[in-house]
Structure formats: C-alpha cells, structure tokens
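These notes concern the structure reproduced below.
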Amino acid sequence: MSITLISKEGAQFLVSKPVADRIGVVRDCAYGADFWLGYAVATDDSMGITLANVTSSILSKILVWCEHYKDMEPLVDGDSNMEFPEWDMAYIGHDMNQILFVLEAADYLHIPGLLLLACKGIADVLDGRNPRGICDLLGIVMDFSHRQEVDMDKENGYWRWFLHPT
Amino acid sequence: MRKQMAQRKSPRSDRRLAKCHVSSLRHCHVSLPYFSVVCILSIRRSDETHVVMSRTCPRPRTCSMSRVDAADVLTDMQATAVVIYIRARYPRSYHQDIQCQIQLLNNLHHDIHSSCNMATEFLTPFSTFLTTPINSLPNEILLDIFELAVEDVWTRNTKDGHNCAFKLSQVCERWRSIMLNHTIMWRRLHIGDGLGQRQRTLECLRRIQGNRFSPQESYPWVSIDNHLTGPALEIDINCGDTNKYCAGVTLRKYLHRVTKLRISASPEPMLVMTKFCHKEPAPLLEELTIVPQVGATRWATYISGVDLEDLFRNEAPLLRKVDLTLVHLRWPKQLLKNLRFLTLRWAPFGDWPQLYNLLDALAASPELEELHLLCPPDALHPSYPDFGPAQDLFRDVADAADRGTKVFLPCFKMLALENAFIETLPLLVPFFDVPNIEELRLIADDDQSELRLGDLPSCDFFDRVIALRITGAGFESMHATARLVALIDAMPKLDKLKLQAGAGPQLLQHYIRELEDATRWAM
C-alpha cells in the first residue's frame, strides 16, 4: 500500500507505508482513523493527503530521512548519552535556514526523531558563537532593557559592575 | 424681493448690483455661504436690460445660485459685453475661527504624522521578529535546542558548557525569559577559577534556588523536601584556592541533589571539598570522578581523614559509575559496590589495592559492565624501575591464587588496560568468570618493547572475546608485535580488530608477511 502526499505547491509524492509511518500526521490520517472510524481514510493510491504547510523541497528532504529510517528506529528525546549517527549529521548539514524549515515541518508533521535531529543541527550551528554572533546569524534583535543589560554585565563580571555596583 | 436680497448680501455686493437695471435678478439669489468664490456673469443685452447669472462656483454644493449656461445665454441674448466679478467673502470673525481650525488641522496632521512614525518604529521590530524564522518556534522547541547546545558543549568542556547557558540567556529578551524560567537549564554547575567565575557560580546557584514554582517528580527533578527542591545537578569542580570554600559550601548545600560530581583540584581545595563531602549523603549521585591536579597526587597521600571510604557518609545508593585516582590511604570498599562502570587510575604513592581487594570490589558489583585500569605514560619512575602498577596489584598474587575463587560478572562486556597495566592481563583474567565478555581494549602510549606477558593461560576469558581494540603506537617494536600476535592467536573467537591512534602498521605488516608465506606454501 502506498500513499500520495501533496505539498504546498501541489507536487505529489508517492510513498510506501513504512515511509509514511514515520510521519505522524500521515500515519494518523491514513491509518489511525481506522481505530476510531472503523475504516482507514486513505486506503488506495488515488487518495492524496495535502500537507499545506510543507513546500516541495522540504517535503522531499524529509522523505529522504523517512526512507532512511523506514526499517530502524531513530534517536528520540529521552535517550541518554545521545550520539547521532554520521549520516544524520551529514543529512541535516549546517544551512541554518534549511534546518529551520525542516524543524518547522517536522513539528508540523509530528516526526519526533527528525525534530530532535533538527534541534541538534541548530545547536551545533550555535556552538561557539557569542550572543552578538547568534543575533547576526539568526536575524534576532537584541531587545534588552537597560535593567537587563546591567544584570548581564553583573553576570559577566564586567568592570562596570565593579566600578558602579548599584 | 430686493429688500430680501439686500438683507442677504453684503453692502459691497449690493452696490455693485444696484447699478444694474436688472430685471432678472429674481433668478439670482446670491445667498452664498462663506468660502464661496462666486463668478458672476453680467451680460448687457440692451441699454435697458441686464441679466445677472452665476457661471461657476468652486464649491457648488454650498452654492444656492441658479445655474445658467453662459454659452447659451450669450447665444440667445446676443450679449454685447461680459463682466466677470469674482468675490470671496471672509468675515473677520469667521476668518479667525478658520485660522484656528487650520492651525488645529495642521497640529492634528503633525500629530498623525508623528504617530505614524512612532508606529512604524514600534512595528519594525515586530515585523523583523515575525520574519525571522526562529522566532516563530514555540518555547518548548527552543528549550530543546538550548538543552542540546548546552549539553554538547558541557560534554566537551564543562567550563564552556557552563558559560554557554549564560551566552544563550544574553541573546534577546525572549531567550532570556525562557532560560531564566527553566531552572533545568542551570543544573550544570562549573566551579572554577578566573575572572567572573565566582560571580557566575553564585548567580547560577541563585537561579537554581530561586525558581521553585513547578517541582516535578520525574527526572531530572527531585523533591527531597519542601524547601530544597529543584533540578538534579551536575557539578564540576575544577578550581584552585580561589573558590575552594565556595565549592565546599556548594557541595554541602546541594550534594543531596547532585547526580554527577567531578572534582579536579589542587591539594588544598581537594582537602576542603572532600571534607565537606564527608558531612552530607549523596542519595542521587550516579557518577563520581575524582582526579587530582598535578601536584595534588603526592600531597594528597599525606592527607589524613579524607579517605574515600567514608565519603558521603556511606550513603550513595545510586552510584553506578566511578572514576578514581587512588590517592587515598584506604581502599574504599563501601564506595565500590553495585557499580556498572569502574575506572581506576594509578598514581604514584597511592594506596593501590591488592588483588583480593580488587576482586572483592568486583564481586560486590555483579552488574559491572566495564572495568578500566589506567596508568599514565611514564608512570614507572626511573627511581623505581621495578615497581609499577602491575607489581603493586599483584603483591599478594600467591594469596589470591590460593583462594581459588572466580568473580562471576554476568554483565561484564569490556576490560581496558593502559600502558603498564597491560602486563597484568595474564594474571588478572583467570580470576574472571565473564560469560558475556565482548571486547578487550589495550591502550599503549608507552613503548611496550619490554612487554612481559609471559605465557598466556588458557581460560574462558580469552575464549570468549570477540573484539580487540588497540590504541596508541606503543606496540610498534618487533617484540611487542610478537606478543600481540600471540595474544590474538590465543583468542579463537576474535573477529573484530580495531586499530586506533597510530596502532597497527607493524601488526599489519606481520600479517601481510604471514599471508604471503602461506600463499607461497600453498603454491
């Protein structure tokens, strides 16, 4: 049995059941309804499931991950001493925008393993950067109040705190 | 009619109209509101007849004059002259009101313009915020990202990991809010030396202590009592004299919440901290590492009253992973029980266990999975050429052999021996009954050209090993390679040979030569 997934642009992706099982939303939509309704929603190839928030490029990338993990369990949150396989790290890469899109899509599609991997990818990109560098990388605005800046100076042990402790 | 019109019109307007013999004034009711600019077309048709009519009005909705098309009038009446009067009437009182209203409108316009600018300035950050993808992530996912980021760095370097939490809290207000509202992000505590470290330690402790709003029962939250609840802590102490009391007090106050504790300090801080550790139990402690810094090892041997045997008041029931450099005076029997991972690092002048001590400790940990006996390079000091870890361990080998007992470890999977401890292999493994042994790891940074393995005994240990990992370039001599080959030959089930960190060229050459010889023999 296979299922057709339709991306935001309308592109269609035909996936097998083991691959679709990795996508929580699709699994629930296609097979999970069987438990509640007595029949599955998508029972033949002709039916498609529209994933309105996922673009074609991201969906194809996600399906690569699902294809890789169709026969084995990915790392999920809660595993102690997590160490991601090399394939995972090569898959997620270091392109921050791409990782963010994958992260949003994994959250939307309910894929915990990919969500964790994307979080790991972002954490790796943040590694070694100071706050200013993180802001520049992600386009974040430092919107601290004066009071908070003083607090941070105290945390950092800057000379200003020693000269003006108030 | 004229009277009515005279009442309506201004005096000037009346004078102008009075000169005309206007019979058709009845059609011209010039009752204009103010602001009206009136074009009056006066056409003299004959000497006796005048026609006055309106032509245009810029504000026709306020003009009540009857409208007559001038072109038609000119055609029909054969006008001989056209006079256009343009009048604008602005009475003084109304003029002032109008000026005021104009001023008000100008002010209002200015205010609106300012408000627009302010709104633009106010909304720009929001638009930037919304267009930044990471800002659209929910707090839970951001928290996962922060947790992974801090954990990764902490695993590599505890000091950097500790600072990483502070860095993440200084990016923007939202991130800071998330970090400060989750005490779990501050559970990794590094106490070290250096500028600002003490301040950061105290700030971290304040954050751990300050948020008690949602104690949970599940890991990593604990609730020992109602007053000191919070996340379980991982503490790494790596300090000199500067923060030793800060570290000691922290240990005394939070030891009941610590799951992982690493102490790496110079002599005096080590004394202070171990003394504090004697006073409190560690009910949640799972991992313990005590590594004296350079200079602390020898000094520590003279410390009295800091034996590890009495550490944590003998209350560390969950302790599963221990990494010790043995600088204490007594073998810590009470500490080494129910373990899964045991690492013992040799130190000169330390009180190394004799074999029966080690076997007793292993027997007290039936779930032990890994045993590491580590010895730093150049541990054999020239002044003690014949006195090394191996000899130290087997001073009582005769007594232990007389006992004739084996230690049954059903979960045991790996034995790692480093440098001088490699020699203990043939002496140690006959005492092990390990049905599930998988890997033997030999780490050789020292030159092993004088390796004394002796005759390898036939025992179950060698029969069951399936993987051999060799790390380091210590086996490059011919003699060491020959001993290694003998060891490999003694392990019939070996099917994985892992060579790391420079190990292997000589060994591979040996097997290539052997293969070539076998090929020639076959031909």
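The values are calculated or read from the model by the stated rules, or taken from the named source; none is laboratory data. Keep in mind the model is a prediction, meaning the values are calculated, not measured. Quick reminder, even Gly has a Cβ in these numbers, built from the backbone with ideal geometry, and neighbours come from all protein chains shown. Quick note on the areas: whole protein, heavy atoms, side chains included, nothing else; ligands and nucleic acids left out. Shrake-Rupley method; radii C 1.70, N 1.55, O 1.52, S 1.80 Å.
General observations
- Listed pairs A:Lys8/A:Lys61; A:Lys120/B:Lys413; B:Lys159/B:Lys244 exceeding 21 Å between Cα atoms: A:Lys120/B:Lys413
- Peptide A:146-155 is shielded by partner chain Cβ atoms: per residue, an average of 3 of them sit within 10 Å of its Cβ.
- Net charge over other residues, Cβ less than 11 angstrom from the Cβ of B:Pro283 (K, R count +1; D, E count -1): -1
- Heavy-atom accessible area per residue - the range B:104-206, 1.4 Å, Å²: 50
- Interface B:A - total buried accessible surface [probe 1.4 Å, Å², rounded to 100]: 2900
- For the range A:45-130, GluC sites (Glu not before Pro) meeting the loop criterion (DSSP other than H, G, I, E, B) and having at most 14 other Cβ atoms within 10 Å: A:Glu83.
- A:Met72, A:Met142, reordered so the largest accessible area comes first (probe 1.4 Å): A:Met72, A:Met142
- Centre-to-centre, using Cα atoms only, the range A:101-137 and the range B:454-477 are separated by 44 Å.
- Of the trypsin sites (Lys or Arg not before Pro) found in the range B:443-510, those that fall in a DSSP loop while having at most 11 other beta-carbon atoms within 10 Å are B:Arg452, B:Lys493.
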